[in-house]
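J.: Before I ask anything, let me first share the structure, which is written out below as structure tokens.
The values are calculated or read from the model by the stated rules, or taken from the named source; none is laboratory data. Just so it is clear, the model here is predicted, and its values are computed rather than measured. Note that each Cβ is placed from the backbone with ideal geometry, even for glycine, and that neighbours are counted across all protein chains shown.
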Amino acid sequence: MIKAILVFNNSAKPRLIKFFEHYPEEIQQQIVRETYQLVSKRDENVCNFLEGGTLIGGNDYRLIYRHYATLYFIFCVDSSESELGILDLIQVFVETLDKCFENVCELDLIFHVDKVHYILQEMCLGGMVLETNMNEIVARFDEQSKLEKQEAGITAGPTKAMTALKEMNLPQKIKDMKLSDLNLNIRF
Amino acid sequence: MNSNIEMKQLIIQNIRNDIQSQNPIFINLALQCVVNIGDKEMAAAFTNEIPRLLYQDIIDSVKQSAALCLLRLHRTSPESLHLNTERTGRIIHLLNHQHLGTATSAVSLIDALVKRNPDEYKGCISLAVSRLSKIVTSSYTDFQDYTYYFVSALWLCVKLLRLLQNYPSPDDRSIRSRLNECLDIMLNKAQEPLKSKKVQHSNIRNAVLFEAINLIIHMDCESTLLVRACNQLGQFLQNRETNLRYLALESMCLLATSEFSHEAVKKHQETVINALKSERDVGVRQRAVDLLYAMCDRSNAQDIVQEMLTYLETADYTIREEMVLKIAILSGKYAIDYKWYLDVMLKLIRIAGDFVSEEVWYHVIQVVVNRNDVQSYAAKIAFEALQAPACHENMVKVARYILGEY
């Protein structure tokens, strides 16, 4: 199972953080710092696996990472996943991002963080690998963007999502609302 | 969220409505929500609805999510999930599902269920083997969407191989020969020239291969396959890719414990020792140490201990303690000559005194006390060791005891 997915740049600025298990925010930040320490001092041509730090869960967990230009993509997985498989999943993830954003760069991750989360949700469901077929993911992503354009009124901004959340007792509201917005708000 | 019980009930009710609706979009979103919250209450609330989705007549992507959703709930609270025989049968049959994504997530689910209750799911062995052989024998163009750099259905393959590792080698002769045939083909494929120069291609091809090798090691009964696997790993040890060397060392550790392939592993001793000396990544060096430890037996103990001692002088601080323990165990276990043992141990204390635990040097003294014939030799080398300009505290302790007694 995947425990966490971290993306940060060369100067330790986190760009995408997704934990599939609950950690308090402080610990999350410590984990990011610790992981950065572990990963950033490694040479270019050493191997892509290393034993996880103490915070993220000891011996059974492994960090599998890839370094692309300015970004580190790090997956923390337990022994039930195949290492090379995950390495490949990172590649699929990055290639998908590249297809969705056309020449993805760090700025895309900053300004379209919501979309990056959609893509991630297509690939991983609660820490398990859901879909590895790139065309499928891209197709879903395009559908999503199309819907978004149609319903611009409903998902216009996070403030609207918040008000929708407050009026949760109306079942219809939930149906209209996008689930990803709901997630982000109730998780933390 | 947790404090507000009333709110939670409302949410659960709403999610239930969505799951029971006919619209696949609603169902999928509801499943996403359940997975992301994924706590005990969710597991208790949906223990009936979600399994039902698996065999209802709905589109594949819903089934795909439902399988993973069930897996998540199973992980949070295994006791709340009850599946009767009819249901288990139906879940097992998802392995044959023609939609690859659904089959892949079903394998993940079955793998978790099998770990809890292997007997109930025995039926999945034959299905898994036949599915595997279908993938292996067909050409990669048959799985257009799931083919990635010429390897078909990577995740399904890997997961099926993992699933089979939960059981011993199949009893049924026809299934077993079919499985062996598959593994044979997989090993053969590794010998083919690469179809693409890209690193991704070799990565995923080897992902399947490593999983196949792990299964071979797990079954531990086909000596020809084991030896072939070992030779393949030996090739990887000299590969340019650090990742492959790392994994090869790790898998070889397992191979060394099998009686069929122990000798084959020993052939690579020199390469492994080289890796210890030249590898730049401490993780890889640590695997090399592990492998040396695993392949050690009476015939090569002296060489290996010697090499490990040499390496210890320059080893990273993070792995020294473990190495000291390994050297101590190996030299104790395979010592033919007590003089040799004492030499090794005193050298060990001299090189890495900080990392020598009390049990280790107690054991040295125990050996000296029980063997009259080495006492004079021990006193002599202990005295010599003390002549050194700087002595570690542990060395002083050992030498003090030996010199004091004899």
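J.: All but one of (1) at pLDDT 85 or above; (2) touching a helix residue (DSSP H, G or I) at 6+ places or on another chain (Cβ under 8 Å); (3) within 14 Å of chain B (Cβ to nearest Cβ) hold for residue A:71; which doesn't?
T.: (3)
J.: So if I check each of A:186, A:137, which one is modelled with pLDDT of 70 or more and either assigned to a helix (DSSP H, G or I) or more than 14 Å from chain B (Cβ to nearest Cβ) (or both)? It would help to see each step written out before you state the result.
T.: Working: A:186 fails: modelled with pLDDT of 70 or more.
The match here is A:137.
J.: Looking only at the range B:21-52, count every residue that is buried (at least 20 other Cβ atoms within 10 Å of the Cβ) and aromatic (Phe, Trp, Tyr) and tell me the total.
T.: Matching residues across the range B:21-52 total 1.
J.: Now for a separate question. Report the residue count in the range B:1-11 for those that are within 12 Å of another protein chain (Cβ to nearest Cβ) and outside any loop (DSSP other than H, G, I, E, B).
T.: Initial filter on the range B:1-11 (within 12 Å of another protein chain (Cβ to nearest Cβ)): B:1-2, B:4, B:6-11.
After this cut, where a residue has to be outside any loop (DSSP other than H, G, I, E, B) as well, the list is B:6-11.
Number satisfying all stated conditions: 6.
J.: Which residue out of B:199, B:208 is among the aliphatic types (A, V, I, L, M), within 14 Å of chain A (Cβ to nearest Cβ) and surrounded by fewer than 17 Cβ atoms within 10 Å (Cβ to Cβ)? Show your work before the answer.
T.: Working: B:208 fails: surrounded by fewer than 17 Cβ atoms within 10 Å (Cβ to Cβ).
Criteria check complete, one pass: B:199.
J.: Hey, among B:215, B:154, B:164, which residue is at pLDDT 85 or above, over 29 Å from residue B:289 (Cα atoms) and under 21 Å from the mean Cα position of the chain (by Cα)?
T.: Numbers: B:215 fails: over 29 Å from residue B:289 (Cα atoms); B:154 fails: at pLDDT 85 or above.
Result of the check over B:215, B:154, B:164: B:164.
J.: Quick one: what pairs do we get from the range A:108-134, first residue at the interface with another protein chain (Cβ under 7 Å from one of its Cβ atoms), second crowded, with 19+ Cβ neighbours inside 10 Å and in a strand (DSSP E or B), C-beta under 8 Å, 6+ apart or different chains?
T.: A:128/A:2; A:129/A:2; A:130/A:124; A:132/B:148
J.: Residues being of a type in the set (A, V, I, L, M, F, W, C) and farther than 15 Å from residue B:221 by Cα: count how many of those fall in the range B:171-189. Steps first, answer last, please.
T.: First, the residues of the range B:171-189 that are of a type in the set (A, V, I, L, M, F, W, C): B:175, B:179, B:182-183, B:185-187.
Right, trim to farther than 15 Å from residue B:221 by Cα and you get B:182, B:185-187.
Final tally of qualifying residues: 4.
J.: If you don't mind, another one. Checking residue B:289 against (1) surrounded by fewer than 19 Cβ atoms within 10 Å (Cβ to Cβ); (2) in contact with an Asp or Glu (Cβ under 9 Å, 6 or more places away or on another chain); (3) more than 21 Å from residue B:203 (Cα to Cα): exactly one of these is not met. Which one?
T.: Exception for residue B:289: condition (1).
J.: Can you name the condition, by its number, that residue A:86 falls short on among (1) out of contact with any helix residue (DSSP H, G or I) (no Cβ under 7 Å at 6 or more places or on another chain); (2) away from chain B (no Cβ under 11 Å)?
T.: Residue A:86 satisfies every listed condition except (2).
J.: Condition first: over 16 Å from residue B:154 (Cβ atoms), surrounded by fewer than 23 Cβ atoms within 10 Å (Cβ to Cβ) and within 12 Å of the chain's Cα centre (by Cα). Can you find one or more residues in the range B:233-250 that meet it?
T.: Yes, that holds for at least one residue.
J.: Limited to the range B:75-94, what total is found for residues that are more than 12 Å from chain A (Cβ to nearest Cβ), without any contact (Cβ under 8 Å) to a residue 40 or more places away in the chain and surrounded by 16 or more Cβ atoms within 10 Å (Cβ to Cβ)? Break it down stepwise before answering.
T.: First, the residues of the range B:75-94 that are more than 12 Å from chain A (Cβ to nearest Cβ): B:77-94.
The next check asks that each one be without any contact (Cβ under 8 Å) to a residue 40 or more places away in the chain; those that pass are B:77-79, B:81-90, B:92-93.
Okay, now just the ones that are also surrounded by 16 or more Cβ atoms within 10 Å (Cβ to Cβ), so B:77, B:81, B:83, B:88, B:92.
Result for the range B:75-94: 5.
J.: Can we say residue B:18 is surrounded by 15 or more Cβ atoms within 10 Å (Cβ to Cβ), within 13 Å of another protein chain (Cβ to nearest Cβ) and at pLDDT below 80? Talk me through it step by step, then tell me what you get.
T.: Numbers: surrounded by 15 or more Cβ atoms within 10 Å (Cβ to Cβ): yes; within 13 Å of another protein chain (Cβ to nearest Cβ): yes; at pLDDT below 80: no.
Considered against the rule, which asks whether it is surrounded by 15 or more Cβ atoms within 10 Å (Cβ to Cβ), within 13 Å of another protein chain (Cβ to nearest Cβ) and at pLDDT below 80, residue B:18 comes out as no.
J.: Within the range B:53-74, is there a residue that is at the interface with chain A (Cβ under 9 Å from one of its Cβ atoms), of a type in the set (Lys, Arg) and surrounded by fewer than 22 Cβ atoms within 10 Å (Cβ to Cβ)?
T.: No: zero hits.
J.: Return the residue satisfying two criteria in turn: it lies in the range A:90-107 and is without any contact (Cβ under 8 Å) to a residue 24 or more places away in the chain and in contact with a helix residue (DSSP H, G or I) (Cβ under 8 Å, 6 or more places away or on another chain), and of such residues it is surrounded by the most Cβ atoms within 10 Å (Cβ to Cβ).
T.: A:97
J.: Determine whether the range B:24-39 contains at least one residue that is more than 33 Å from the chain's Cα centre (by Cα) and either at pLDDT below 80 or more than 12 Å from chain A (Cβ to nearest Cβ) (or both).
T.: There is at least one residue in the range B:24-39 that is more than 33 Å from the chain's Cα centre (by Cα) and either at pLDDT below 80 or more than 12 Å from chain A (Cβ to nearest Cβ) (or both).
J.: Being closer than 11 Å to residue B:295 by Cβ and more than 13 Å from chain A (Cβ to nearest Cβ) is the requirement here; does residue B:233 meet it?
T.: Values: closer than 11 Å to residue B:295 by Cβ: no; more than 13 Å from chain A (Cβ to nearest Cβ): yes.
Considered against the rule, which asks whether it is closer than 11 Å to residue B:295 by Cβ and more than 13 Å from chain A (Cβ to nearest Cβ), residue B:233 comes out as no.
J.: Scan the range B:321-336 and tell me whether some residue there is modelled with pLDDT under 80 and farther than 30 Å from residue B:279 by Cβ.
T.: Taking every residue of the range B:321-336 in turn, at least one turns out to be modelled with pLDDT under 80 and farther than 30 Å from residue B:279 by Cβ.
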